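The values are calculated or read from the model by the stated rules, or taken from the named source; none is laboratory data. Please read all numbers here as calculations on a predicted model, not as lab measurements. All Cβ positions, glycine included, derive from the backbone under ideal geometry; neighbour counts span all protein chains shown.
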Amino acid sequence: MHVDVPTIYLVLAGIAFVVALAILAEWRKLATGAMIWWAAGFLGIAAGAATAPLRLLPGLDWLAIGMCNLFLSTGFGFIVCGIAQFTGRKGIVLFALPAPAIWLAFWMFCPEFSSIEIRIFLQSSVMTAFSFVASWLLLNGDGNRTFFIRLLACVFAVHGLVHALRVALLGVPGAVLDDLRMTGFAFTPIIFEGAIAVVVIAFLLIAIAREREEDALRQLAETDFLTGIGNRRSFEQNASLALSGKRSGPGGGSIAVLDLDHFKRINDTFGHAFGDDILRLLCATVRLHLGPQDFCGRLGGEEFAVCLPGRTAEDAALVAEAIRRDFAERALIFRGQPVGAAVSVGVAEISRAGELQDALSTADAALYDAKRAGRNRVEVAQRA
């Protein structure tokens with residue numbers, strides 16, 4: 001079976017160009033800055049692949065070899081820059097951009113540029129480095145390592161291994177058969193793998209960008225805008241999972257419901273903006289006393305809840321008492337004002353996730369027992 005490598009290059013150029021347009025279309029919807037890098041990168045790959053077949057024409061080696069590889073290394077470097085931005089490692093951009101300059105210096109000033117083996121060695125070494133760096137960034141960057149991110153890291157790692165193998169086999173007979181027609185196993189399999197990699201990488205880049213956007217929207221929908229902690233919906237969903245044992249531990253635990261004492265008086269005396277800062281102070285204080293499995297949420301107004309999976313009511317009461325005492329000290333004088341804010345807490349134990357609403361009601365009742373008993377105290381609901 002005859003394989004026409006220049007034709008495959010032209011097909012690859014078309015694929016990369018379409019991919020760049022698809023990423024730009026997604027960028028208009030997602031507004032992710034990394035996608036500009038990715039689109040520019042695929043345009044560079046398209047330009048490099050489109051110029052490669054021109055080596056069949058006399059006098060165009062400067063374009064078909066020099067500019068072609070410059071476009072390819074720049075394009076792949078741009079993709080790595082985008083991944084660096086996406087994963088919160090913008091400093092890596094400085095690593096990706098010098099590679100085209102190295103190729104340009106090799107092209108312009110190195111006598112060995114005429115050697116096809118040395119050109120392949122240099123270009124594939126750059127591709128190997130870029131691929132492994134991209135894989136590392138995806139596995140060690142900011143954010144969750146989702147299935148798509150891990151899969152993309154594997155694709156880059158495989159792409160890097162392919163180019164490393166290309167370098168290792170350069171001295172084997174048959175690696176380069178015809179420089180002009182780009183035949184030999186140092187060309188043909190690489191072009192096939194490159195075309196497949198372009199499609200797979202583009203699909204996964206769009207997938208991880210969409211995934212992050214959806215996660216951001218979900219976080220926005222589940223976060224209380226004032227305090228930055230989970231809202232009631234988020235708290236109840238997470239508490240049901242945590243208390244059922246689906247996340248970790250045997251299940252069960254305790255719920256604490258907190259309510260600021262005389263919060264209306266604070267708002268009336270110091271203003272609503274000051275009252276908002278008191279709410280944020282309470283949330284910050286609560287977080288200081290929570291363990292790795294514990295979390296809190298705002299139920300509404302000045303009422304908050306804390307979920308303590310795997311903890312007895314007695315343990316939860318100790319945590320609640322530490323929160324109450326610490327908050328009273330922090331809010332006694334706040335921003336130079338004699339505020340004297342305090343919090344009352346009700347605690348209830350829960351054995352099954354299905355009892356969450358009952359536990360919240362029970363803890364709420366214990367909270368109002370604390371209010372009736374004088375406020376600024378912790379009350380534990382009696383087991384039925």
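Count of segment 295-316 residues, restricted to those that are in a loop (DSSP other than H, G, I, E, B) and in contact (Cβ under 8 Å) with a residue 60 or more places away in the chain, is 1. Within segment 118-160, the residues that satisfy the criterion of being farther than 25 Å from N69 by Cβ and in a helix (DSSP H, G or I) are L138, L139, N140, F147, F148, I149, R150, L151, A153, C154. Does G340 satisfy being modelled with pLDDT under 95 and either over 16 Å from L243 (Cα atoms) or part of a strand (DSSP E or B) (or both)? The answer is yes for G340. The single condition from (1) part of a helix (DSSP H, G or I); (2) at pLDDT 80 or above; (3) surrounded by fewer than 21 Cβ atoms within 10 Å (Cβ to Cβ) that F113 fails is (2).
Going residue by residue through segment 347-364, is there one that turns out to be in a loop (DSSP other than H, G, I, E, B), of a type outside the set (S, T, N, Q) and more than 28 Å from A221 (Cβ to Cβ)? Outline the logic, then answer.
From segment 347-364, those in a loop (DSSP other than H, G, I, E, B) are 351-352; that's our starting set.
Retained after the next criterion (residues that are of a type outside the set (S, T, N, Q)): 352.
Right, trim to more than 28 Å from A221 (Cβ to Cβ) and you get none.
No: segment 347-364 contains no residue that is in a loop (DSSP other than H, G, I, E, B), of a type outside the set (S, T, N, Q) and more than 28 Å from A221 (Cβ to Cβ).
Residues that are of a type in the set (V, I, T) and crowded, with 17+ Cβ neighbours inside 10 Å were ranked within segment 210-245; the one that is nearest to R311 (Cα to Cα) is I229. Look at segment 5-18: where a residue is without any contact (Cβ under 8 Å) to a residue 40 or more places away in the chain and a partner is small (G, A, S) and crowded, with 20+ Cβ neighbours inside 10 Å, sitting 6+ places away or on another chain with Cβ atoms under 6 Å, you get A13/A46; A13/A49; F17/A46.
Given the condition farther than 19 Å from I201 by Cα and in contact (Cβ under 8 Å) with a residue 24 or more places away in the chain, answer yes or no: does some residue in segment 69-84 qualify? Scanning segment 69-84, I find at least one residue that is farther than 19 Å from I201 by Cα and in contact (Cβ under 8 Å) with a residue 24 or more places away in the chain, so the answer is yes. Within segment 10-54, being surrounded by fewer than 21 Cβ atoms within 10 Å (Cβ to Cβ), closer than 27 Å to W107 by Cα and either among the aromatic types (F, W, Y) or in contact with an Asp or Glu (Cβ under 6 Å, 6 or more places away or on another chain) (or both) holds for one residue alone: F17.
Considering every residue within segment 99-121, establish whether at least one is over 30 Å from Q219 (Cβ atoms) and in contact with a Cys (Cβ under 9 Å, 6 or more places away or on another chain). Step through it out loud before you land on a result.
Initially, segment 99-121 is screened for residues over 30 Å from Q219 (Cβ atoms), giving 99-121.
Then keep just the ones that are in contact with a Cys (Cβ under 9 Å, 6 or more places away or on another chain); that gives 118.
Yes: one or more hits.
Could you list, in sequence order, the residues of segment 269-285 that are β-branched (V, I, T) and touching a helix residue (DSSP H, G or I) at 6+ places or on another chain (Cβ under 8 Å)? Correct list: I278, T285.
Evaluation of P292 against the conditions (1) part of a helix (DSSP H, G or I); (2) without any contact (Cβ under 8 Å) to a residue 40 or more places away in the chain shows that the sole unmet condition is (1).
If only one of V319, V257, V343 is aliphatic (A, V, I, L, M), in contact (Cβ under 8 Å) with a residue 60 or more places away in the chain and over 19 Å from A239 (Cα atoms), which one is it?
On the way: V319 fails: over 19 Å from A239 (Cα atoms); V257 fails: over 19 Å from A239 (Cα atoms).
The conditions single out V343.
Taking the options R335, R311, R330, R280, name whichever one is under 21 Å from S240 (Cα atoms) and among the basic types (K, R).
Values: R335 fails: under 21 Å from S240 (Cα atoms); R330 fails: under 21 Å from S240 (Cα atoms); R280 fails: under 21 Å from S240 (Cα atoms).
Matching residue, one of R335, R311, R330, R280: R311.
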